[in-house]
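Participant: Got a structure for you, questions after.
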Amino acid sequence: MTLPTAQRIRLALENAIVDGRFAPGVRIDPDQVAADYGCSRTPVREALQALEASGLLIVQPKRGTFVAKLSVPQLMERFELMAEMEAFCARLACRRADPADLGRIDTALAACDDARADPDRYYAENTAFHQAIYRAAHNDFLQGETLRLQAILQPYRRRQLQAPGRVARSLDEHRRIADAIRTGDADEAARAMTDHVLVQGERFRDLVALVGRLDPQVGGVALR
């Protein structure tokens, strides 16, 4: 079944933002997007409105539509919330995960281990690991909200993995989380997930430096 044009455009833009191809602050040119898809402005406008509602795009009157670029205080607020939401997912997974869930978590962990030498590949497997835990919580509303916030933060989380030694530390943290879920230790799973997601210490300083380097680009960008 072919997706409606507006939905295809929304998914393509969302993937480009989450994958880091459209950096925070980049301007989205609706005319270019329409040209890429050979469509009118109507489905493009619908797609951009949906992405604005999700928090991935920001519309600035008389200036245009831009990929959301969060300030350090805004990022910290969202990372604090993300840490709590993911910790709750991990806690619920300790009680509700079935053998299939545990298998998906173990498979994702093994994929992270296999990708540890390549930060870009590790980023994709890291996302899958976290999403396996959201799914194992067996709370559809929580999963949906956590996925939405994950998408907003992905451009920043991805870049943090470029810091020296971060992938190795992240993998160790994944193992701690997975072990706690496997043994049903909800307190340890929640604590390990909070420590993994919350930005503090050196990671906070790296985040401040990252935001300072993400300057908006002038002009539009093509969708493909």
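Participant: Just want to confirm a number: the relative contact order over region 5-67, from Cα pairs under 8 angstrom separated by 6+ residues, in percent. Can you show the working numbers first?
Facilitator: Values: 60 pairs, mean separation 26.5, N = 63.
Answer for region 5-67 is 42 percent.
Participant: Where the Cα atoms of the chain are projected onto their three principal axes, how long is each span, largest first, in whole Å?
Facilitator: On the principal axes, the chain reaches 54, 43, 30 Å in Cα extent.
Participant: Can you tell me the dipole magnitude for region 72-213 around its Cα centre, using point charges on the Cβ only (Lys, Arg +1; Asp, Glu -1), in Debye to the nearest 20?
Facilitator: Working: 21 positive and 23 negative charges, 75 e Å.
So the magnitude is around 360 debye.
Participant: Moving on. When each pair of different Cα atoms in region 28-160 is counted once in the 1/r mean, what is the Kirkwood radius in angstroms, to one decimal?
Facilitator: On the way: mean 1/r = 0.0593 Å⁻¹.
Here the Kirkwood hydrodynamic radius works out to 16.9 Å.
Participant: Still on this structure, I have one more. Translational diffusion coefficient, Stokes-Einstein: compute it for region 1-100 using the Kirkwood radius over C-alpha pairs as Rh, at 10 °C and 1.306 mPa s, and state it as an integer in µm² s⁻¹. All intermediate terms of the calculation are to be shown ahead of the outcome.
Facilitator: Details: Rh = 15.6 Å.
The diffusion coefficient I find is 102 µm²/s.
Participant: Dipole size in debye (nearest 20) for region 1-157 around its Cα centre, Lys and Arg Cβ +1, Asp and Glu Cβ -1? Show your work: numbers first, answer last.
Facilitator: Working: 19 positive and 21 negative charges, 100 e Å.
Here region 1-157 has a charge dipole of around 480 debye.
Participant: What is the sum of charges, Lys and Arg at +1 and Asp and Glu at -1, for the other residues whose Cβ falls under 11 Å from the Cβ of E125? Intermediate values should be presented prior to the final figure.
Facilitator: On the way: positive: R116, R121; negative: D113, D114, D118, D120.
Once positives and negatives cancel, what remains is -2.
Participant: Report the net charge of residues surrounding D113, where surrounding means a beta-carbon distance below 11 angstrom and charges are Lys +1, Arg +1, Asp -1, Glu -1. The partial results should precede the final answer.
Facilitator: Working: positive: R116, R175; negative: D106, D114, E125, D172.
Every neighbour counted, the sum reads -2.
None of the figures in this text is laboratory data; all of them are computed from the coordinates on show. All values reported here derive from a predicted model rather than from experimental measurement. Cβ coordinates were reconstructed from backbone atoms using ideal geometry, including for glycine residues, and neighbour counts include every protein chain displayed.
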